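Notes for the one structure printed next.
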Amino acid sequence: MSTTTRPTGTSGPAPDPGEGTAAPSGWHVLLEIPLRRRVAILVSVGAGLLVALISVAVFLTAYRALYDQLDQSLVERATAASSSDLADPSLIYRVVSSDALAAGDFRVAIVYADGRALFIQGEQPPVGDPEIDVARGTPEAPRTGFVGGTAYRVVAVQAGTGRALVLAQELDPTRRTLSRLAIVLVVVGGLGVVLAAVVGVAIARAGLRPVERLISATERVARTGDLQPITVTGGDEIARLTRSFNAMLAALASSIDRQRRLVADAGHELRTPLTSLRTNLELLVAAEEGAASGRPDAPRLSDEDRAELTADLRAQIDELATLVGDVVELARDDPPEVAAEHLDLSEVVERALDRARPRAPGIHVEADLTPCEVVGDASALERAVLNLLDNATKWSPPGGTVRVVLREGVAPERPGTAVLEVADSGPGIAPEERALVFDRFFRSADARTMPGSGLGLSIVAQTAARHHGGVSAHEAPGGGALLRFWIPRA
């Protein structure tokens, strides 16, 4: 006995470099096809499957109907013949002639229980064990038999004790009928698939025309920056998509317009402090250079003027830094990424009061605060409250009073909110200007001579909006302005 040792090294052809690379699936390949062509293909395939299903159903129905009709006819004739003289073997030749049977494509035989068979004029029908079983008393269903390559439908019925009458008919006429029906179904089905493809292309063109118009509009916006809305026609899903796209264009146009106005207004507001700052710096530099040169005609600054100029420069720098910070804060379309936390708004207001009181030593601040649990950004809320307090102290006369009230659901029209009201004792806000005081850089005619940039209340409104709340301006009960700030309670 010999043994064969297989080599341990690798053998066989080298692996294909592309082996292991996953081929794109059929669904991904379909997604690469243009939408119009994809719709036409899907409609054609769907129509083809439907036509094929209907054709198969029609063919099977016709097949079953023809065979059932043939079987029923054979059974009726065989039963009638079994109860007539045809069942008597001695009379069978005289009752039915072979010419008559040949004209009807019939073949007749008498089969006995012992297996003997009597055929008419030698025309032998398909006879086998099923027919012998019928002669022995077992019922048998019709079947298909073959003689010399010719198919017959065979029926056997009992014709007395120990014998059966066998009746057979050729299936060629029935099969020719089914073949013609199959050809008709294939031709009609093919025409149906072609028609479905044409209809699918037409449906795709008509149905996707609004989508193409929407695609052209988006490409136009990306290419030119033109944010003109698209014409909406109809009320279907494409029309809804177009309206949504128009709403997006309107929001984008509004955002761009706000940013442009912010830049323009910021440039206008920055021009004044920068000009003043430059003038003061030039004067200070000229005085320093004159003092260093020692010329008698050089400009001189007294120590008092130098201290006043330096203090003015510091104030202008502080104002400029505040203005830049406010502009940056308002330029952010999205809220800052600060985790919201559960907090007591009354504590936030207390901290803002502690910071606001030293800024206005001649103003009396009265506070009536109720603990209110809210969810938000503590630093942003404190800055908003401080802006409200600074605005109130700025407008209140020396010795005036600022009233601060924090309640849960103070405003009846806004239940479930924490409402902060800040009322000053100043001249108040004109009714036509109450809706504008929270706009960026808005300053009334009386406020143009006062310090400020017109951004503090805008930051208040933005903070309220980011906390799903709101702001409003009213007249205080005792005169002056009342500014209301509210956000939802936790």
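A few points about this structure:
- Of the residues Ala423, Ala418, the single one that is hydrophobic (A, V, I, L, M, F, W, C), assigned by TED's automatic domain parsing to the domain that holds Ala476 and touching a Gly at 6+ places or on another chain (Cβ under 7 Å) is Ala423.
- Selection within region 372-406: residues that are of a type in the set (S, T, N, Q) and closer than 25 Å to Arg489 by Cβ. The member of this set that is surrounded by the fewest Cβ atoms within 10 Å (Cβ to Cβ) is Ser379.
- Set Ala250, Ala315: member being surrounded by 12 or more Cβ atoms within 10 Å (Cβ to Cβ), modelled with pLDDT under 80 and aliphatic (A, V, I, L, M): Ala315
- Residue pairs whose Cβ atoms lie under 6 Å apart, sitting 6 or more positions apart in sequence or on different chains, and linking a residue in region 454-481 that is under 15 Å from Ala418 (Cα atoms) and not assigned by TED's automatic domain parsing to the domain that holds Gly416 to a partner that is among the aromatic types (Phe, Trp, Tyr) and not in a loop (DSSP other than H, G, I, E, B), do not occur here.
Here's the yes/no breakdown for (1) modelled with pLDDT under 80; (2) loosely packed, with under 12 Cβ neighbours inside 10 Å; (3) small (Gly, Ala, Ser):
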{"residue": "Val201", "(1), (2), (3)": "no, no, no"}
{"residue": "Thr218", "(1), (2), (3)": "no, no, no"}
{"residue": "Ile230", "(1), (2), (3)": "yes, no, no"}
{"residue": "Thr233", "(1), (2), (3)": "yes, no, no"}
{"residue": "Asp265", "(1), (2), (3)": "yes, no, no"}
{"residue": "Glu269", "(1), (2), (3)": "yes, no, no"}
{"residue": "Thr275", "(1), (2), (3)": "yes, yes, no"}
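- Index of the failed condition, Pro412 passing every other in (1) modelled with pLDDT of 90 or more; (2) out of contact with any Lys or Arg (no Cβ under 6 Å at 6 or more places or on another chain); (3) not hydrophobic (A, V, I, L, M, F, W, C): (1)
- Listed by position, the strands (runs of 3 or more DSSP E) contained in region 96-162 that have at least 1 residues being modelled with pLDDT of 80 or more and over 16 Å from Ala78 (Cβ atoms) are 106-112, 143-147, 150-158.
- Among the conditions (1) at pLDDT 75 or above; (2) under 25 Å from Gly400 (Cα atoms), Ala445 misses just one, which is (1).
- Pairs with Cβ under 8 Å, 6+ apart, first in region 97-125 and more than 19 Å from Arg136 (Cα to Cα) and of a type in the set (D, E, K, R), second in a helix (DSSP H, G or I) and modelled with pLDDT of 65 or more: Asp105/Pro173
- Taking region 150-170 as the range and being of a type in the set (Ser, Thr, Tyr) and without any contact (Cβ under 8 Å) to a residue 40 or more places away in the chain as the test, the residues that pass are Thr150, Thr161.
- So Ala22, is it modelled with pLDDT under 75 and surrounded by fewer than 15 Cβ atoms within 10 Å (Cβ to Cβ): yes
- Taking the numbered list (1) without any contact (Cβ under 8 Å) to a residue 60 or more places away in the chain; (2) in a helix (DSSP H, G or I); (3) in contact with a helix residue (DSSP H, G or I) (Cβ under 6 Å, 6 or more places away or on another chain) in turn, Leu241 passes all entries but (3).
The values are calculated or read from the model by the stated rules, or taken from the named source; none is laboratory data. These figures come from a predicted structure and were not determined experimentally. Every residue, glycine as well, gets a Cβ built from its backbone with ideal geometry; the counts of neighbours run over all protein chains shown.
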